[in-house]
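One structure is given here, and the rest of the page talks about it.
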Amino acid sequence: SRLDDKERIIQMLKESKSGLESSFVSRGNGYATRRLAANRHVPGLISEMTGGVEYYTHVCSMLDLAQNDFSKLQGKLQEIRDYIARARQADATINLTADKKTLASVNDDVSDFVLGIGLKEGGVAASPSIAESLSTRLKTGQKVSDEGVVIPTQVNYVGFGGRMYKEGERVAGS
């Protein structure tokens, strides 16, 4: 959780980038499928954003930012940490089940724990759900129509996607 260790963060980003690059070679068909699904539905978009080509480009840009303007990356990471802390304040529930004597004996420890992780009354301001935001992106965003990703491999992975049926079209089961 230390956001000031520049060398460690750069090392982690380099490892992520390298791992993704090596998996492109061995699992290119999966990346092509994931990329196609990102234009069709929210789960596909989430998969692409968290483990596909889009994620790879994001890792590369974070690595570049870490190497050239670490304080800016550090600020972005701190914003994410702060958001998670605020969300945790709004959504956290601690459920302890015990007899009265045991609950009384751990009360101070629980209070210290709650304060230590930043829980308090209040919470995150209402905002659109992630699913709503991603659905909007699918409807209004620029869809990828033709693209190529060049990787050094002896195998070519080609993907093609499109609708097989019109929305609402009835399909015979035979």
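The values are calculated or read from the model by the stated rules, or taken from the named source; none is laboratory data. Note that the coordinates shown come from a computational prediction; the quantities given were computed from them, not determined experimentally. With ligands, DNA and RNA removed, areas are computed over all heavy atoms of the protein, side chains included. Shrake-Rupley method; radii C 1.70, N 1.55, O 1.52, S 1.80 Å.
Taking only protein heavy atoms into account and a 1.4 Å probe, give the accessible area per residue of the stretch 1-91 in Å².
Each residue of the stretch 1-91 exposes 61 Å² on average to a 1.4 Å probe.
So what are the ³J(HN,Hα) numbers for the stretch 65-72, from phi and the Karplus equation (6.51, -1.76, 1.60; θ = phi - 60°), rounded to whole Hz, Gly and Pro as x?
5, 4, 7, 10, 8, 4, 5, 5
Ignoring ligands, DNA and RNA, what percent of the 1.4 Å accessible area of the stretch 14-83 is carbon and sulfur?
So the carbon and sulfur contribution to the accessible surface is 53 percent.
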